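Below: the structure, in structure tokens.
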């Protein structure tokens, strides 16, 4: 019985450790996702992050492939943490 508890604790600790190690990657992926989901004025006037307005010359829409990539990075990190926890909890 104590061995089962130790295995579960070891698995949980491994999952938390991987999650903490990947936290900067997840944070950057979320930030990039938020930036790529917006529409920006791509004419170069008004700075790099100017929102599209009715007087904008050209607009760049959401970058869907980059958004999908960010989602896959976060999902991959979650699956990696799950896998590490399961592997560490093996007898």
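Within the stretch 63-91, the set of residues being under 15 Å from residue 37 (Cβ atoms) and outside any helix (DSSP H, G or I) comprises just one member, 63.
Being at pLDDT 90 or above, more than 22 Å from the chain's Cα centre (by Cα) and under 30 Å from residue 4 (Cβ atoms), is that true of even one residue in the stretch 76-87? Within the stretch 76-87 (the criterion being at pLDDT 90 or above, more than 22 Å from the chain's Cα centre (by Cα) and under 30 Å from residue 4 (Cβ atoms)), the answer is yes, since at least one residue qualifies.
Here residue 40 passes the criteria (1) modelled with pLDDT of 85 or more; (2) buried (at least 16 other Cβ atoms within 10 Å of the Cβ) except the one numbered (1).
In the stretch 51-58 there is at least one residue matching the filter, namely being touching a strand residue (DSSP E or B) at 6+ places or on another chain (Cβ under 6 Å), farther than 18 Å from residue 18 by Cα and either at pLDDT below 75 or not in a helix (DSSP H, G or I) (or both).
The values are calculated or read from the model by the stated rules, or taken from the named source; none is laboratory data. The structure presented is a predicted model; accordingly, all values stated were derived computationally and were not measured. Note: ideal-geometry Cβ built from the backbone for every residue, glycine included; neighbour counts use all protein chains shown.
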